[in-house]
Amino acid sequence: MRRTIHPTAEHGFRLGAERYAQSRPNYPEDIVFWLRNTLNLSEQKQVIDLASGTGKFTQYLKRITPHVTAIEPVEEMQAQFLKAHPELEVVSAFSDHVPLNTQAFDAVLSAQAFHWFAHEYTLKEMHRLLKPQGHLGLVWNDRDTSIEWVHALAELLKPFEQGTPRFYHQSWKKAFQKQPYFKLESEQHFCYVHTGTVEQVVSQRLLSTSFIALLPKPQQQALKQRFERIIFKYLGKHPQDIIEFPYITYAFHFQRLDHEST
């Protein structure tokens with residue numbers, strides 16, 4: 001049965017697509033080496049960027065291969081993607097039903113997204129699309145909450161989640177339990193720092209969060225002020241001051257299984 005996009009993702013990213021493109025962090029340079037050495041990507045490989053969003057992660061795939069097909073169901077995100085990558089194709093589809101050929105791809109990558117559609121039907125469809133021994137890569141940037149002021153910001157956001165799927169909840173891992181499609185080969189962590197003004201990398205970044213983007217504008221503005229008060233309290237920085245926001249990038253490598261071996 002065909003699923004639809006999670007309503008928080010659909011409406012939140014529809015309303016906040018431009019802010020998402022402008023304020024979300026990139027990824028560490030180490031991710032390029034991970035793509036080459038762990039997922040065995042090269043310029044001949046055919047790759048899917050699943051839930052490509054505005055194309056933040058796509059730029060790293062393009063540095064390795066020109067054969068990138070983006071999958072993205074939200075029209076506003078597609079529009080931002082095509083501004084950044086006008087030469088690429090974007091297929092409007094959900095994770096359980098992708099109108100592309102069976103066993104046509106060497107790898108599927110999904111960055112900052114799999115927690116929205118972490119179900120066995122997604123894995124079944126990715127298994128269909130991948131060649132034998134193909135690779136599935138899942139990547140997330142997560143705020144480094146071991147830092148006191150980052151933790152304070154995270155705690156401010158928590159009451160607004162209201163059951164929204166989140167990477168740090170780790171519930172997405174349940175999709176890989178007792179399924180015949182993929183096995184985890186490795187997990188790697190990289191450090192990354194998003195540098196910019198407090199306005200850009202704190203306020204606008206946090207306002208681009210799906211469940212925050214759904215809030216009325218006055219409530220968003222009030223939250224923005226609270227974000228900036230936290231930064232001033234801990235770091236003494238104003239909205240136009242430069243700040244380094246620490247992230248940890250999590251990269252998971254899964255191998256496609258042949259049904260005969262499971």
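The values are calculated or read from the model by the stated rules, or taken from the named source; none is laboratory data. This is a predicted model, so every value here is computed, not measured. Cβ atoms come from the backbone with ideal geometry, glycine included; neighbour counts cover every protein chain shown. In case anyone asks, the SASA skips ligands and DNA or RNA and just uses the protein heavy atoms, side chains included. Shrake-Rupley method; radii C 1.70, N 1.55, O 1.52, S 1.80 Å.
Criterion applied to Ser146, Ser171 was being among the hydroxyl-bearing types (Ser, Thr, Tyr) and without any contact (Cβ under 8 Å) to a residue 12 or more places away in the chain, and the one residue passing it is Ser146. Restricting the stretch 111-139 to residues that are in a loop (DSSP other than H, G, I, E, B) and either aliphatic (A, V, I, L, M) or within 18 Å of Ile64 (Cβ to Cβ) (or both), the residue that is nearest to the chain's Cα centre (by Cα) is Ala113. Could you run through the stretch 235-249 and say how many residues are open to solvent by less than 80 Å² (accessible area, probe 1.4 Å), over 22 Å from the mean Cα position of the chain (by Cα) and not aliphatic (A, V, I, L, M)? Of the residues in the stretch 235-249, 4 are open to solvent by less than 80 Å² (accessible area, probe 1.4 Å), over 22 Å from the mean Cα position of the chain (by Cα) and not aliphatic (A, V, I, L, M). For the stretch 174-213: of the residues being open to solvent by 50 Å² or more (accessible area, probe 1.4 Å) and part of a helix (DSSP H, G or I), which is farthest from Trp116 (Cα to Cα)? Once the filter is applied, the top-ranked residue is Gln200.
So which residues in the stretch 117-151 are of a type in the set (Phe, Trp, Tyr), farther than 21 Å from Leu61 by Cα and surrounded by fewer than 23 Cβ atoms within 10 Å (Cβ to Cβ)? Hits for the stretch 117-151 are Tyr121, Trp149. The residues of the stretch 207-221 that are within 17 Å of Arg24 (Cβ to Cβ) and modelled with pLDDT of 90 or more amount to a single one, Gln220. When each of Gln204, Gln162 is tested for being over 30 Å from Asn40 (Cα atoms) and touching a helix residue (DSSP H, G or I) at 6+ places or on another chain (Cβ under 6 Å), the lone residue that passes is Gln204. Of all the listed residues (Lys174, Lys158, Lys131), the sole one being among the charged types (D, E, K, R) and farther than 29 Å from Asp30 by Cα is Lys158.
Yes or no: the stretch 214-221 includes at least one residue that is in contact (Cβ under 8 Å) with a residue 60 or more places away in the chain, out of contact with any Lys or Arg (no Cβ under 6 Å at 6 or more places or on another chain) and open to solvent by less than 40 Å² (accessible area, probe 1.4 Å). Checked the stretch 214-221: no residue is in contact (Cβ under 8 Å) with a residue 60 or more places away in the chain, out of contact with any Lys or Arg (no Cβ under 6 Å at 6 or more places or on another chain) and open to solvent by less than 40 Å² (accessible area, probe 1.4 Å).
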